[in-house]
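The structure under discussion appears below in the form of structure tokens.
The values are calculated or read from the model by the stated rules, or taken from the named source; none is laboratory data. Since this is a predicted model, take the numbers as computed values, not measurements. Don't worry about glycine lacking a Cβ; one is built from the backbone with ideal geometry, like all the others, and counts go over all protein chains shown. Heavy atoms of the whole protein, side chains included, go into the accessibility calculation; ligands, DNA and RNA do not. Shrake-Rupley method; radii C 1.70, N 1.55, O 1.52, S 1.80 Å.
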Amino acid sequence: MLDLNELATCTRCQLSLTRQRVVIGSGPNTPQLMVIGEAPGRSEDEGGEPFIGRSGQLLFRLLLEELGVTRRECFVTNVVKCRPPQNRTPTFLEIKTCRPWLDEQLALVTPRAILTLGNTASRAVFGFASPMGAVHGRVVQLGGVPGVATYHPAAALRGGSSVVQVMRRDLAVLRQLLDAS
Ligand code: URA
Ligand code: SF4
């Protein structure tokens, strides 16, 4: 068992050498949603909070429009808590080494539903082996909590309105889950 109080000073993997700040994540202990991304980007590494850059702006606009859920009603975090250099994808070893921290958070937080963003988070959290195109919008269960994977908002910023449309449909699945529970 790790003590979450020690996360801010973690040196379990090499990302501790290049990060500015550990981006722990935050939110209520019983949020509407637990939102899990890949790893901090530059804005997050500087600001110390997840999804405070451009991806986050799009993400929370879509959550508000499709679910009526605000950032304050979400527990927001990432699979990997420190920024990889040049925003490269975290390695398998980094994901594995950081995992106990996410497990502590999953044990602590009781959301009504879980949303993962992008391949890295969706694989790590839900165990999906197929690419996002095959698994997005599918309802899965994690410890009795329903979850849905969708594209990463950074992919939507690159890919444009067609990706945003798919994300909106995935979020509509999530809305049905919240409405039904
Ligand atoms: N992308 C992520 O996956 N997480 C963040 O916190 C910011 C951008
Ligand atoms: Fe520790 Fe995770 Fe940061 Fe690696 S990425 S140093 S395991 S908090």
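Taking 76, 22, 109 in turn, the Gaussian network model of the chain (Cα-Cα springs below 10 Å) assigns the largest fluctuation to 109.
Within the accessible surface of region 28-181, defined with a 1.4 Å probe on protein heavy atoms only, the carbon and sulfur portion equals 51 percent.
In this simple spin-label approximation, residue 130 and residue 6 carry label points 7 Å from Cα along the Cα→Cβ vector, and these lie 4.1 nm apart. Using a probe of 1.4 angstrom and keeping all protein chains present, the accessible surface of the chain works out to 48 square angstrom per residue.
The Cα center of region 118-152 and the Cα center of region 46-75 differ in position by 19 Å. Straightening the chain between residue 99 and residue 18 buys 27.3 nm, computed as 0.36 nm per residue apart minus the Cα-Cα spacing.
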